[in-house]
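Student: My questions will all concern the structure given below.
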Ligand SMILES: [Zn+2]
């Protein structure tokens with residue numbers, strides 16, 4: 001019930017400060033409701049095949065085509081939120097989507113998608129804000145690539 005009121009709150013937000021407060025509030029709820037004692041077990045090969053069949057071998061988030069030996073079985077209800085180890089709690093996803101989805105709550109994912117779609121429109125209209133978002137985002141991505149390159153080089157040594 002608490003989460004439903006948070007969604008209503010999203011619709012009633014009137015200031016940027018309100019949005020920031022909502023995002024912090026959703027994070028706090030996720031962290032306080034975190035379940036740590038659910039046993040993690042791996043899916044069998046047959047179970048993974050059936051999970052992949054659910055979407056005809058496409059990522060359930062972005063829709064990209066997946067290979068049978070290269071996909072993630074994504075918890076629909078996050079493991080950290082008490083999501084159980086059962087086939088009906090899994091959908092196939094690509095590595096990128098699975099990593100970005102992390103263990104955010106559904107409410108957090110909705111806010112993230114809304115923010116992302118809105119930011120994309122700002123980038124496309126090439127407003128000052130859009131250009132700033134684009135520049136900061138690319139800088140951030142380049143920094144991540146450098147870090148990955150750095151850690152890959154360390155492994156080779
Ligand atoms: Zn994907």
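The values are calculated or read from the model by the stated rules, or taken from the named source; none is laboratory data. Note that the structure is a prediction, hence the values are computed from the model and not measured. Backbone-built Cβ (ideal geometry, glycine too); neighbour counts: all protein chains shown.
Student: I'd like the residue in region 38-75 that is touching a helix residue (DSSP H, G or I) at 6+ places or on another chain (Cβ under 7 Å) and assigned to a helix (DSSP H, G or I) and, out of all such residues, is nearest to the ligand (Cβ to nearest atom).
Tutor: Among those that are touching a helix residue (DSSP H, G or I) at 6+ places or on another chain (Cβ under 7 Å) and assigned to a helix (DSSP H, G or I), it is 51.
Student: Checking residue 90 against (1) away from the ligand (no atom under 16 Å from the Cβ); (2) more than 23 Å from residue 22 (Cα to Cα); (3) touching a helix residue (DSSP H, G or I) at 6+ places or on another chain (Cβ under 7 Å): exactly one of these is not met. Which one?
Tutor: (1) is the only condition that residue 90 fails.
Student: Test residue 78 against the stated conditions and say whether it is away from the ligand (no atom under 14 Å from the Cβ), surrounded by 12 or more Cβ atoms within 10 Å (Cβ to Cβ), within 16 Å of the chain's Cα centre (by Cα) and in contact (Cβ under 8 Å) with a residue 12 or more places away in the chain.
Tutor: Taking the combined requirement at face value, the residue satisfies it.
Student: While we're here: If we scan region 137-148, do we find a residue that is surrounded by 12 or more Cβ atoms within 10 Å (Cβ to Cβ) and outside any loop (DSSP other than H, G, I, E, B)?
Tutor: Yes - at least one qualifying residue is present in region 137-148.
Student: Also: Mind listing just one residue for me: the one in region 103-134 that is surrounded by 12 or more Cβ atoms within 10 Å (Cβ to Cβ) and not in a helix (DSSP H, G or I) and, of those, farthest from the chain's Cα centre (by Cα)?
Tutor: Checking each candidate, the answer is 127.
Student: May I pose another question? Return yes when residue 40 is surrounded by 11 or more Cβ atoms within 10 Å (Cβ to Cβ), more than 24 Å from residue 144 (Cα to Cα) and modelled with pLDDT under 85 and no when it is not. Steps first, answer last, please.
Tutor: Values: surrounded by 11 or more Cβ atoms within 10 Å (Cβ to Cβ): no; more than 24 Å from residue 144 (Cα to Cα): yes; modelled with pLDDT under 85: yes.
No.
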